[in-house]
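For reference, the structure discussed in these notes is given below.
The values are calculated or read from the model by the stated rules, or taken from the named source; none is laboratory data. Model, not experiment: these values are computed from the prediction. Quick reminder, even Gly has a Cβ in these numbers, built from the backbone with ideal geometry, and neighbours come from all protein chains shown.
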Amino acid sequence: GQSLEQPSEVTAVEGAIVQINCTYQTSGFYGLSWYQQHDGGAPTFLSYNALDGLEETGRFSSFLSRSDSYGYLLLQELQMKDSASYFCAVILAWRGSSNTGKLIFGQGTTLQVKP
Amino acid sequence: NAGVTQTPKFQVLKTGQSMTLQCAQDMNHNSMYWYRQDPGMGLRLIYYSASEGTTDKGEVPNGYNVSRLNKREFSLRLESAAPSQTSVYFCASSAKAGGGHEQYFGPGTRLTVT
């Protein structure tokens, strides 16, 4: 089966740094993506890692360790507008290498940013 | 550019009724996807189409059918709606197959089956 684990809720204050972890167990792995979803809205793409290491995009960074089946999303200089749900999503591989086009999402982490 | 559009935004069905959810994208993307999201949950892939003329099952395809009408449009059909299909349905598209290339989501269709 496929499973992704991420914390259900995280709370932090404005200006702080927060890390949202994601561990996965899937049959075939191609890459790890992160999406943000505000209440009632559509998910929006934040970041993608196919190789081990850190990817940085402005205030957001994402890290992947394929050997540990683990990744995280790092949000810096938190703002009130960052209050949202954050989902990690594994892109499944076919026969170990090709991209199947299938995403498996975690259940999401609700981030609450307080003043 | 409108991006990804979905119709309708809201729908209430009685058990056993059928309906088709429409999705269109104007970004010339090759791949399109249908997801459902239940309260407090992540998105689950129902069906996807890696390119025009192809469709494939996702995690939860039972009770649904899809049609990739052309490169722009990808519809989802519920032949006989059940209360378990009450959910928010999102359509998405990407330039290439898979999420490594950013997926763009539509605003969603909120479906209630009574």
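Per the listing A:L46, A:L78, the residue uniquely surrounded by 14 or more Cβ atoms within 10 Å (Cβ to Cβ) and in a loop (DSSP other than H, G, I, E, B) is A:L78. Need the failing condition index for A:G53 against (1) closer than 21 Å to B:Y104 by Cβ; (2) small (G, A, S); (3) in contact with a Leu (Cβ under 8 Å, 6 or more places away or on another chain), just the number. Among (1) closer than 21 Å to B:Y104 by Cβ; (2) small (G, A, S); (3) in contact with a Leu (Cβ under 8 Å, 6 or more places away or on another chain), the lone unmet condition for A:G53 is (1). For segment B:69-77, indicate whether the set of residues that are touching a Gly at 6+ places or on another chain (Cβ under 8 Å), crowded, with 21+ Cβ neighbours inside 10 Å, in a strand (DSSP E or B) and modelled with pLDDT of 95 or more is non-empty. No: segment B:69-77 contains no residue that is touching a Gly at 6+ places or on another chain (Cβ under 8 Å), crowded, with 21+ Cβ neighbours inside 10 Å, in a strand (DSSP E or B) and modelled with pLDDT of 95 or more.
Counting the residues of segment B:1-50 that are more than 10 Å from the chain's Cα centre (by Cα), under 18 Å from B:T86 (Cα atoms) and crowded, with 23+ Cβ neighbours inside 10 Å gives 1.
Assessment of segment B:3-13 against the conditions (of a type in the set (A, V, I, L, M, F, W, C), free of Cβ contacts under 8 Å to residues at least 60 places away in the same chain, touching a strand residue (DSSP E or B) at 6+ places or on another chain (Cβ under 8 Å) and not in a loop (DSSP other than H, G, I, E, B)) yields no matching residue.
Given the criteria out of contact with any Phe, Trp or Tyr (no Cβ under 6 Å at 6 or more places or on another chain) and at the interface with chain B (Cβ under 9 Å from one of its Cβ atoms), does A:Q107 qualify?
yes
Filtered by the rule that a residue be over 16 Å from A:L92 (Cβ atoms) and modelled with pLDDT under 95, segment A:9-38 gives no residues. Considering segment A:15-43, and only residues there that are aliphatic (A, V, I, L, M) and not in a loop (DSSP other than H, G, I, E, B), the residue that is farthest from the other protein chains (Cβ to nearest Cβ) turns out to be A:V18. Looking at A:L64, is it part of a strand (DSSP E or B), at pLDDT 95 or above and surrounded by fewer than 18 Cβ atoms within 10 Å (Cβ to Cβ)? Judged against the criteria, A:L64 is not a match. Checking each residue in segment B:16-67 for being of a type in the set (A, V, I, L, M), within 12 Å of chain A (Cβ to nearest Cβ) and farther than 17 Å from B:K96 by Cα picks out B:M41, B:L43, B:I46, B:V60. Residues in segment B:98-114 that are at pLDDT 85 or above and more than 7 Å from every other protein chain (Cβ to nearest Cβ) were compared, and the one that is surrounded by the fewest Cβ atoms within 10 Å (Cβ to Cβ) is B:T114.
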